[in-house]
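The values are calculated or read from the model by the stated rules, or taken from the named source; none is laboratory data. Computed from a predicted structure; not experimentally measured. Ideal geometry is used to build each Cβ from the backbone, glycine not excepted, and the neighbour counts take in all protein chains shown.
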Amino acid sequence: MQEAIFSRVPMVGMPFFVDQPFNVKKMTHLGVALSVDYKTMTVEELESSILEVIDNPRYRNRIEELADLAEDQPTTGLERAMWWTEYVLRHKGAPHFRSPYLDIPWYQYYLVDVFGTVFLGVSFGIFVTVKIVSVSLRYIFGKSSKITKI
């Protein structure tokens, strides 16, 4: 979507899965796209949608407006990159921006503690369930009869 806006190209959206239906609906609502359902689409419908987006100036004008909004920045990307580079140099690496997650132990980084806790919890649950079932079955069916010596 961002690429189309920055390139000032109206769209014909054909959502398939996950976030695509939401994105196409949003772009249609913004007036920069048409949606086509791939399950029920015909060649004529696809062709007419493409021609509608190309020929109707409403889509071109609306995407121009959105592109102008997106590009209206106080500085250019290069100026921002230079400013942040100088900022880091002025503040000796900007340690206050350093993420505390860079210092976590390896077992927390790889979630070994979480997986271990889940494993122990599940193992304990299975153990308790087996014990309850075994005691219940022994109670229901009685103890096995012992062979007595004569």
Exercise for the section: Enumerate the pairs (first residue in region 8-34 and touching a residue at least 12 places away in the same chain (Cβ under 8 Å); second residue anywhere and in a loop (DSSP other than H, G, I, E, B) and of a type in the set (D, E, K, R)) with beta-carbon separation below 9 Å, excluding pairs fewer than 6 apart on the same chain, so at least 6 apart or on different chains. Expected result: 14/37; 15/37
Handout entry: Pair list, Cβ < 7 Å and 6+ apart or interchain, from region 111-130 residues that are without any contact (Cβ under 8 Å) to a residue 24 or more places away in the chain to residues that are in a helix (DSSP H, G or I)
Key = 113/107
Exercise for the section: Would you mind stating whether residue 32 is assigned by TED's automatic domain parsing to the domain that holds residue 57, modelled with pLDDT of 95 or more and over 20 Å from residue 64 (Cβ atoms)? Expected result: no
Completion exercise
By residue number, the members of region 34-55 that are within 14 Å of residue 9 (Cα to Cα) and either β-branched (Val, Ile, Thr) or touching a Lys or Arg at 6+ places or on another chain (Cβ under 9 Å) (or both) are 50, 53, 54
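Do we find a residue being farther than 26 Å from residue 9 by Cα, without any contact (Cβ under 8 Å) to a residue 40 or more places away in the chain and of a type outside the set (A, V, I, L, M) anywhere in region 59-69?
No.
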